[in-house]
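No value in this document is a laboratory result; all are computed from the given coordinates. Nothing here was measured: the structure is a model prediction, and the numbers come from that model. FYI the Cβ positions are ideal-geometry reconstructions off the backbone, even for glycines, and counts take in every protein chain you see.
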Amino acid sequence: MELPIFKYNPNPVSIGVIKEEKTMCPICNEERNYVYEGPFYSIDEVEGICPWCIKDGSAAGKYDGEFQDVSNLEKVSSKEYIEELIYRTPGYFGWQQERWLSHCDDFCAIVGYVGWKELEHLEEELTDDIEEIRKRKKLTKEEFKRSLINKGHHQGYLFRYIHCGKHRLYTDMS
């Protein structure tokens, strides 16, 4: 059975939140070959969720949980988009608190974890995000470039606009 496709997280296996591993899903009670290992905000400690129960919303519904913290989403006006992201989209791992970026009144899709080496070619396109991050973290341009290392203490998260394909960047530090 093929993995479901997630609008806002099209590559959950490559970013490590869904792994190929046998699981007995606590929601659908089926043995599956893929398991979700990313963030899930719920009163209950839940393990073994399959991607199909994320996609159809049954995991979030059964455990009154969310895959994204609604307080850390950039603004969009569509309740439908917000519900798809928080109830039916696998999250990603962040150092502090994950933040989901938006553009054109819709959420962006996460591309993956990045450092400066992976972003250099996108510097011009990401100028606005880089400048905002630099100001917030009080970094010079050189300090920003030097400190942003994939799997380092200053981690980048690359997003892409769903509609126009332009990229956005968010970073956090351990």
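For the residues PHE144, PHE107, PHE6, what sequence is obtained by ranking on other C-beta atoms within 10 Å, fewest first?
PHE144, PHE6, PHE107
Dividing the convex hull volume of the alpha carbon atoms of the chain by its residue count, what do you get in Å³ per residue?
About 121 Å³ per residue, rounded to a whole number.
Cα-Cα over 29 Å: which of LYS79/LYS141; LYS75/LYS137; LYS22/LYS55; LYS22/LYS145; LYS75/LYS138?
LYS79/LYS141; LYS22/LYS145
Amide H neighbours of SER102 under 5 Å, at least 5 residues apart or on other chains, H built in the peptide plane: list them.
GLU74, CYS108
Please report, in debye to the nearest 20, how large the charge dipole of region 97-174 is about its Cα centre when each Lys and Arg carries +1 at its beta carbon and each Asp and Glu carries -1 there.
Using Cβ point charges on Lys, Arg, Asp and Glu, region 97-174 gives about 340 debye.
Kindly put TYR8, TYR81 in sequence by how many other C-beta atoms sit within 10 Å of each C-beta, fewest to most.
The order, fewest Cβ neighbours first, is TYR81, TYR8.
Using the C-alpha gyration tensor of region 1-93, what are the square roots of 5 times its eigenvalues, in whole angstrom, with the largest one first?
21, 14, 12
If the only charges are +1 at each Lys and Arg Cβ and -1 at each Asp and Glu Cβ, what is the size of the charge dipole of the chain around the Cα centre, to the nearest 20 debye?
It comes to approximately 520 debye.
Return one number: the angle in degrees, 0 to 90 and rounded to the nearest 10, between the long axis of the Cα atoms of helix 127-137 and the longest principal axis of the Cα atoms of the chain.
For helix 127-137, the angle is close to 90 degrees.
So which trypsin sites (Lys or Arg not before Pro) in region 35-95 end up in coil per DSSP with only 16 or fewer other C-beta atoms within 10 Å?
Passing both the DSSP loop test and the Cβ count: LYS75.
Fewest to most neighbouring Cβ within 10 Å: what's the order for TYR157, TYR87?
TYR87, TYR157
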